[in-house]
Each structure stands twice: as C-alpha cells, then as structure tokens.
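Reviewing the structure listed below.
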Amino acid sequence: EMQNVSSSVDMSRAQSLVGKEVFLDVTNSSGETNQICGRVDYVVMEAGKVYVSVDESLYKFEDVTTVLDADYWDAYNLAYAWSNDLSKIGGLNKVSLASKADVMELKEAYDNMTTYQKTFIAKDSVALLDAYIAKIDELQAIADNEKANEDAGETTGENADKGDTSEV
C-alpha cells in the first residue's frame, strides 16, 4: 500500500512536467550514463513505475535531474545560436562589406529578442555587434564616397569633352 502511495505521488509530480524541458541522466546496459534533454510529451505508469516520454522514448521518472522553464530554455538556445553566429564573423579586423548582410541579420535577430531573451546575451557580445555595425557604416561611407568621386570624375570628363567639341 505504501508503494501505491509513492507511485501516486510520483505520477502526480511527473504529470506536472508535461510540456516542460527536462534533462535526464540515463544509464545504458553497459553502465554508461548519457544525458538526454527534451520536452516531456506525456507521462505513463507501467507496472507501478512512472515514465516520462521525451522525443518519443520512455524514461524512468527518477532519471529526471533538471527541469527547465520553456521560456528559459528557448532564450538559452536562442542566445547560444546567436553567439555562435556572432563568432563566425571572425573579429573586427575581418569585417568587410561582404559581411554586411550577416551583421545586419544579427542586429535584426537581437532587435527582435524579448527583454528577457536579451539578458542571455553577454554585454561584450552586444558591444562587439555595435562595433561591427560601426565598422560596416564606416566602410560603406568610404565606398559611397569613392563611387561619388568616380561618378563626378566621369561627369567632369564628359562635360570637358563636350566643352572641347563645342569650341572646335
């Protein structure tokens, strides 16, 4: 009877995990422990034991080691992916107009984050993004200035030719 009470309590606790992200430490038949992470889809009791379903596999309830709020887990994963993408730029000395689209995509992704999600991004990373944007703005201004000078040179040359032909 005490085991039934224990199973009922475990079932109640496990049911509260449905829809939440969990980490499980699962020991395989060779004695190795692997960490599994995923969202609990449902809970079932079989032969008096409580199991949680994660990624279409059943695991013992007692293997659950960590429970994460979905918003926390989503923010963590978003920040991780964003930081990885930021590191792919390669540093301020690697920034060029060719990396403009990637930098602007990072800025847009950051701007679209919630206030909570932004707390997962290191201040140094935000400062680096700002430095990338400033560098691209600087490079774009130089390119625009060079283009304007080329255009002005062509216009001056055309006018000079027209002037020369009108005098002849």
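The values are calculated or read from the model by the stated rules, or taken from the named source; none is laboratory data. Quick caveat, the model's predicted, so the values are computed rather than measured. Backbone-built Cβ (ideal geometry, glycine too); neighbour counts: all protein chains shown. Heavy atoms of the whole protein, side chains included, go into the accessibility calculation; ligands, DNA and RNA do not. Shrake-Rupley method; radii C 1.70, N 1.55, O 1.52, S 1.80 Å.
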**OP:** Report, to the nearest 10°, how far helix 100-111 tilts away from the longest principal axis of the Cα atoms in the chain, using its own Cα long axis and a range of 0 to 90°.
**Re:** 50
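With n ≥ 4 as the cut-off for DSSP H runs, can you work out [θ] at 222 nm for the chain, using -39500 (n - 2.57) per run divided by the number of residues, rounded to the nearest 500?
Numbers: 5 runs with 93 residues, N = 168.
Counting only the DSSP helices, I get -19000 deg cm²/dmol.
Per residue, how much accessible area does the chain have with a 1.4 Å probe, in Å²? Don't skip to the answer; put the middle values down first.
On the way: 11180 Å² over 168 residues.
That works out to 67 Å² per residue.
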**OP:** Kindly identify the range 6-86 as rounded, prolate or oblate by the Cα gyration tensor criterion: order the square roots of the eigenvalues as a ≥ b ≥ c, call it rounded if a/c is under 1.5, otherwise compare a/b with b/c, prolate if a/b is larger, else oblate.
**Re:** oblate
Subject >> Dipole magnitude (debye, nearest 20) for the chain, charges at Cβ of Lys, Arg, Asp, Glu >> reply: 860
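Which FRET efficiency value, to the nearest 0.05, do you get for residue 122 and residue 98 by plugging their Cβ-Cβ distance into 1/(1 + (r/R0)^6) with R0 = 22 Å? Please report the intermediate quantities before stating the final value.
Details: r = 26 Å, r/R0 = 1.16.
Working from the Cβ atoms, E equals 0.30.
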Subject >> Cα-based helix-to-principal-axis angle, 2-15 vs the chain, degrees rounded to 10 >> reply: 20
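Quick one: of 20/60; 88/118; 88/123; 20/88, which pairs are farther than 21 Å apart, Cα to Cα? Provide the component values of the computation, followed by the final result.
Values: 20/60 16 Å; 88/118 19 Å; 88/123 18 Å; 20/88 31 Å.
Violating the 21 Å Cα-Cα cut-off are 20/88.
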**OP:** Please give the helix 123-167 orientation as an angle from the longest Cα principal axis of the chain, in degrees from 0 to 90, rounded to the nearest 10.
**Re:** 20
**OP:** Could you calculate, for the range 16-168, the ratio of the Cα radius of gyration to the Kirkwood radius, expressed as Rg to Rh?
**Re:** 1.38
